[in-house]
1. Filter the stretch 90-106 down to residues that are out of contact with any helix residue (DSSP H, G or I) (no Cβ under 8 Å at 6 or more places or on another chain) and part of a helix (DSSP H, G or I) and give me whichever is nearest to Phe55 (Cα to Cα).
2. Among (1) surrounded by 12 or more Cβ atoms within 10 Å (Cβ to Cβ); (2) at pLDDT 95 or above; (3) among the hydrophobic types (A, V, I, L, M, F, W, C), there is one condition Val54 misses while meeting the rest; what is its number?
3. What's the number of the condition Gln28 fails, among (1) at pLDDT below 55; (2) outside any helix (DSSP H, G or I); (3) surrounded by 10 or more Cβ atoms within 10 Å (Cβ to Cβ)?
4. If you take the residues of the stretch 69-84 that are in contact (Cβ under 8 Å) with a residue 12 or more places away in the chain and in a helix (DSSP H, G or I), which of them is surrounded by the fewest Cβ atoms within 10 Å (Cβ to Cβ)?
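The values are calculated or read from the model by the stated rules, or taken from the named source; none is laboratory data. Everything quoted here is computed from the prediction, not taken from an experiment. Because the Cβ atoms are built from the backbone with ideal geometry, glycine has one as well, and the counts that use them run over all protein chains shown.
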Amino acid sequence: MSGICIFDLMIYLVAIGCIRWQNKTKTQNKGDNMPTAVKISDELVAKAKIKSKVFKRSVAGQIEYWAKIGQIIEENPELPLPLIQDILIGKEEIKSGLGTPYVFGK
């Protein structure tokens, strides 16, 4: 049986409608990285400070991560969080050239 990488699996899941993924063009993203002041609770900031230290992210990066995961979960309520996290990890591995083949049936 031929191997398939996690990226191919992700593309397959998107194609069959299991995962809804937004792809914006560079023109649509223009200005998306500009800082914006947002009010959030002190409790959320305190939790983000702890998690950000554990996962070596900035506090803002941790909150952005939570927002991204929350958005994906809302758009894909039928998928469990560990699968979503594995897909995101696979996506980054492919970008870094570290993808490994996935063999169905093993």
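1. Once the filter is applied, the top-ranked residue is Glu92.
2. (1)
3. Failing condition for Gln28: (2).
4. My answer is Leu81.
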